[in-house]
Amino acid sequence: MPRRPIVRGQNGRTKTTLVTRTEVAEHHLQAFELCQQRGEIGRSFSHLSLVLCILPSLKTEYYSTYLQIFEQWIGKVEEDNGFQEAMTIFEVAINHYPESPDLHHLLAKILYRHGSVQEAWNHACLAQVECPRDPNAQETRSRLTNALVDRWHLPMLNDSTRNAAFKLAIEKAVEEGHNSVLDIGSGTGLLSILAMRANAKKVYACEVDKFMCELSNNVLQSNMVPLGVCVLNQHSKDIVIPSHIPQRVALVVSETVDAGLLGEHILSTLQHAWKHLLLPPKSLVTPSTSDVMPSFILKPETSDVSAVAMQNRSTSETCVDYVVGAHRTNIKQGHVKTTAPDNLAIGKETLHHKRENSSKFGRVIPSKAEVFIALISCDYIAKQIKVNRPDLSYFTNKTVCIKLQEPYMSEKLNQVPGGFKLLSHWTPLTTIDFNSPDDIEKHLTGEVDKTLKLQCIECGSLDAIVLSFKLYLDEKLCIDTFPEPGTTLWENAVYPVLNLISVDTHSIIAIDFKCTGVIQLSLQRSSSNLKNANYLYLTEDAIRFLNSKNVVDSFLSASQQIVINLQKPRSDKRDRGHQLIICDKTPFPLAGLAVLSEFPNSKLYVENDKIKNILQELGITAYDFEDLEEKIDVLFMWPVTREGTLKDGLVKNIFMNRLMMGRDCQVYPQEVDLIMSLISSPVLAAMTCVDDTNTSGVKIAEIFNIVKTSHHLDVPLSAIPHTTVINQPIPVLRLSLISGHTQPLGPVQENLGDVNEGLLVLGGEVVSVLINVMISEASTITAVPYWFHIRGKLPLKASMSSKLSSGSNSEPSASIQTSHTTTPPNCDTVVLSTKEPDSPCNQSLFILSKPLEVLEGKNVNLDVVWREGAFNATVESAAD
């Protein structure tokens, strides 16, 4: 309807003047443009929002403009007024453009920042479906998928041996009469479905994660058993009888175990279950007490395995015998084997009696666990946890290592780059009986506390204590986590040894062991020279960086040459007394410290408070880069994360650096190249999606694979079994670390600019590169791994008069390669590859949505889309 404002006439009387919607809209458009010129973002957004309310027909014309204004305004509102106010602004925008992928993408990011992961993921999916080619949309969805569902679900669900073993154990337990089942930490509901198919009368599945509960309900429907399983979205400790389940159950199944066995709180979970949810243990159910009510106090006998018995147990044999009915069953895929003795006969009366007795007592699957430890030497682990660089004077008489937040790390030891060496035999540590509440109690309260002495069998650097276990699902059937090649998908718990310790075959290492709900292992102080250790704790990024000799030496070489350049006579008469502004944004500022040592009157800026505080411990004053207001004279940077991808916001930070650089600012390194390859690797499938052939006949893939992700970070490529299907790596593009400009190194398919076909409107310049590649070996392409060449150009060192305080008696050396096409005359180019064994980074890769079969000599197209540091890659067969 037209608007009718009231105005006064000359005689004082009022009259009505008709003002059209178009005129009102034009008025607000003029106000919008004026506010834009003044930089009043909030008022600009308000005026433009009113325009779209008045004239919805303008929405298409002003879509890009509205998004740009909104992006600026929402960031300011969130920063100044918080999350709830930002959500109010989002409601206004979504009302105008309910299907805008850009708005859904921005909403996903803000929801993620404030902890609403599932809601954020829903919006990220909407954005990515509408803009499938946009690398920002893909990256946001991938990160949210990883945050929503732990990636360990994939190898677990694809572990056919583990799944088959649980299936057999559950079938045997239900057959014996344990036909009311509680699945604790049910996840996708796999074990619950196996229990239903074993003819359990009632199955309850409890899962505290809301999203996994929704997922499991869908899996149950897909397998046509939704009415047979009651799904409870809560922790098992919150289950109350009869509010949630009518009575105690006869069987608890749970695989809430991790690489360190107890890290997912299985002991406290089972302790609660025995007290409140399970029938009494078998040790308390005798013929005279078979009708005991389940509310009594549980005090079963313990069933420990003595240390002597464990020592006599063969740890090399990881397969056991198991009986299923009267048949011989042989599961032999990796680490489980089951057989039955001949002439086995179970009469009907015996089986009936067994079932009747079983229904009177409770039981847990898994039944027990035997835990083993060993000492190892592993260069890959050592480079993550401690610095071994005696030539760096800053760390003299200090133990430089990581500060552990958890008792242990986890590594897939049978796939670590460079492998590992056992320095001792696998030694029994403890046995935990999950069907003994007393044994559970002892391992929760710290009563289990002892010292073990391990005899070394090899010489080497002692880098870690590692843990494996045998998980018995019943009396005989077990799975194990020993890191033998090709036998297990489990990771191992790694307890780092932070000191630099060498051992030989005469060494005996004392290990202190204590269990208070989680297994704690450490070297005994008296046997490991720890008494007078002076610790300096660094981040893992810094430790990896410092342990990379090629990287450190190249930065020290660069700092030497920069000092020489700065000492030359200059028109501005800068001398050693001039206050230089040095910025070092590497994980540890060795290069910046080297320049500072030659110009002590200067100021060193670092990237964060952690580095600043560490330098303060070393007696060095540094400043936070965020507080920098002066022009930069020297800038060092490292653009790649330890996971093997570019740092978040790298390009935006480059633009910011450029604004702050002085006229003659010296930058190292100057460029980074994106390099890709094409590989075939069947093992990557288990990291990417669920295959129903692995899940014991339960259909999970169709439901679970909605949360699969194609972008995998932190992949040690050299340790993943794979075949390269092309002759040479593919240089894709080059990013200038000085200007932020991106230069394709392959043919440019198109410069898409702001065209929104398959792309978000927001996100910066887009470069799409299409590269035709010949296949050198017939294979099936499954993934596109990538890494980086970090390039630094240095004038030739004709006279190196300055020796910087690295603590080394010789000049640092770098891996030098000369490029005749891009390097100016009289320059060396240092090329640091993040694919080399010495690199502080792993690699990352893109998994193809469908494996691509290729023939030798045929061509494929590698299509890479880049957008300000975010990128993706796809591969398709090339037209003949």
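The values are calculated or read from the model by the stated rules, or taken from the named source; none is laboratory data. Quick caveat, the model's predicted, so the values are computed rather than measured. FYI the Cβ positions are ideal-geometry reconstructions off the backbone, even for glycines, and counts take in every protein chain you see. SASA here: full protein model, heavy atoms, side chains in, ligands and nucleic acids out. Shrake-Rupley method; radii C 1.70, N 1.55, O 1.52, S 1.80 Å.
How many residues, within segment 615-654, are of a type outside the set (A, V, I, L, M), within 14 Å of L737 (Cα to Cα) and open to solvent by less than 70 Å² (accessible area, probe 1.4 Å)? Residues that pass the stated criteria total 6. Looking for something assigned to a loop (DSSP other than H, G, I, E, B), at pLDDT below 95, touching a helix residue (DSSP H, G or I) at 6+ places or on another chain (Cβ under 6 Å) and crowded, with 20+ Cβ neighbours inside 10 Å - is there at least one such residue anywhere in segment 700-710? There is at least one residue in segment 700-710 that is assigned to a loop (DSSP other than H, G, I, E, B), at pLDDT below 95, touching a helix residue (DSSP H, G or I) at 6+ places or on another chain (Cβ under 6 Å) and crowded, with 20+ Cβ neighbours inside 10 Å.
Only one of D575, D541, D504 is at pLDDT 95 or above and more than 32 Å from the chain's Cα centre (by Cα); which? So that I can check it myself, show each step before the final result.
Working: D575 fails: at pLDDT 95 or above; D541 fails: more than 32 Å from the chain's Cα centre (by Cα).
Criteria check complete, one pass: D504.
Taking the criterion of being assigned to a loop (DSSP other than H, G, I, E, B) and either crowded, with 22+ Cβ neighbours inside 10 Å or touching a helix residue (DSSP H, G or I) at 6+ places or on another chain (Cβ under 8 Å) (or both), the residues of segment 368-391 that qualify are C378, V387, N388, R389. Taken over segment 392-405, residues that are surrounded by 13 or more Cβ atoms within 10 Å (Cβ to Cβ) and touching a strand residue (DSSP E or B) at 6+ places or on another chain (Cβ under 8 Å) amount to 7.
Does segment 162-172 contain at least one residue that is part of a loop (DSSP other than H, G, I, E, B) and over 24 Å from A686 (Cβ atoms)? Explain how you work it out, then say what you get.
Kept after step one, since they are part of a loop (DSSP other than H, G, I, E, B), are these residues of segment 162-172: none.
No, because not a single residue in segment 162-172 is part of a loop (DSSP other than H, G, I, E, B) and over 24 Å from A686 (Cβ atoms).
Just to be sure I understand, how many residues within segment 366-383 are touching a Pro at 6+ places or on another chain (Cβ under 9 Å) and more than 18 Å from S522 (Cα to Cα)? I'd like the intermediate steps shown before the answer.
Narrowing segment 366-383 to residues touching a Pro at 6+ places or on another chain (Cβ under 9 Å): 370-373, 379-383.
Those left that are additionally more than 18 Å from S522 (Cα to Cα): 370, 379-380, 383.
Count: 4.
Applying a threshold of 7 Å to beta carbon distances and a minimum spacing of six or more residues, or different chains, the list of pairs starting in segment 652-673 at a residue that is over 18 Å from L733 (Cβ atoms) and hydroxyl-bearing (S, T, Y) and ending at one that is open to solvent by less than 20 Å² (accessible area, probe 1.4 Å) and part of a strand (DSSP E or B) reads Y668/F636; Y668/G792. Quick check on V784: is it of a type in the set (V, I, T), open to solvent by less than 60 Å² (accessible area, probe 1.4 Å) and modelled with pLDDT under 95? In short, no. Of the residues L444, L471, the single one that is surrounded by fewer than 22 Cβ atoms within 10 Å (Cβ to Cβ), at pLDDT 95 or above, among the hydrophobic types (A, V, I, L, M, F, W, C) and touching a Cys at 6+ places or on another chain (Cβ under 9 Å) is L444.
Scanning segment 845-863 for residues that are touching a helix residue (DSSP H, G or I) at 6+ places or on another chain (Cβ under 9 Å) and either over 23 Å from V767 (Cβ atoms) or surrounded by 22 or more Cβ atoms within 10 Å (Cβ to Cβ) (or both) yields L845, P851.
Does L674 satisfy being aliphatic (A, V, I, L, M), in contact with a helix residue (DSSP H, G or I) (Cβ under 7 Å, 6 or more places away or on another chain) and not in a helix (DSSP H, G or I)? Here the answer is no, as L674 does not meet what is asked. Just one of (1) more than 30 Å from N223 (Cα to Cα); (2) touching a helix residue (DSSP H, G or I) at 6+ places or on another chain (Cβ under 9 Å); (3) modelled with pLDDT under 90 fails for A686. It is (1).
Could you please find all residues in segment 219-247 being in a helix (DSSP H, G or I) and farther than 13 Å from S186 by Cβ?
Of segment 219-247, the ones in a helix (DSSP H, G or I) are 219-222, 236-238.
Residues satisfying the conditions are Q221, S222, K237, D238.
Restricted to segment 395-468, the set of strands (runs of 3 or more DSSP E) holding at least 2 residues that are free of Cβ contacts under 8 Å to residues at least 60 places away in the same chain comprises 449-455. Across segment 614-646, the qualifying residues are those that are over 32 Å from the mean Cα position of the chain (by Cα), outside any loop (DSSP other than H, G, I, E, B) and not charged (D, E, K, R), and the one among them that is farthest from D714 (Cα to Cα) is I632. Scanning segment 34-59 for residues that are in a loop (DSSP other than H, G, I, E, B) and touching a residue at least 24 places away in the same chain (Cβ under 8 Å) gives L55, K59.
In this structure, L157 qualifies as touching a Ser or Thr at 6+ places or on another chain (Cβ under 7 Å) and open to solvent by less than 10 Å² (accessible area, probe 1.4 Å).
Across segment 410-427, the number of residues qualifying as in contact with a helix residue (DSSP H, G or I) (Cβ under 8 Å, 6 or more places away or on another chain) and surrounded by 22 or more Cβ atoms within 10 Å (Cβ to Cβ) comes to 2. Do you know which residues across segment 174-190 are in contact with a Ser or Thr (Cβ under 8 Å, 6 or more places away or on another chain) and surrounded by 23 or more Cβ atoms within 10 Å (Cβ to Cβ)? Across segment 174-190, the qualifying residues are H178, V181, L182, D183, I184, S186, G187, T188, G189, L190.
A quick yes/no check of all residues on (1) among the polar types (S, T, N, Q); (2) modelled with pLDDT under 95; (3) over 20 Å from L277 (Cα atoms):
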| position | (1), (2), (3) |
| --- | --- |
| D159 | no, yes, yes |
| S180 | yes, no, no |
| G185 | no, no, no |
| G189 | no, no, no |
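Identify all residues within segment 722-761 that are open to solvent by 70 Å² or more (accessible area, probe 1.4 Å) and at pLDDT 90 or above; write none if there are none. Residues satisfying the conditions are N727, Q728, H741, Q743. Every listed requirement among (1) over 35 Å from the mean Cα position of the chain (by Cα); (2) more than 24 Å from K442 (Cβ to Cβ); (3) at pLDDT 50 or above; (4) open to solvent by 10 Å² or more (accessible area, probe 1.4 Å) is met by N233 save one, (1). Remark: pairs (first residue in segment 586-604, more than 24 Å from E540 (Cα to Cα) and of a type in the set (D, E, K, R); second residue open to solvent by less than 10 Å² (accessible area, probe 1.4 Å) and in a helix (DSSP H, G or I); Cβ separation under 9 Å; 6+ apart in sequence or on different chains) = E598/S559; E598/V563; E598/L566.
Within the option set R162, R143, being basic (K, R) and crowded, with 24+ Cβ neighbours inside 10 Å holds for one residue only, R162.
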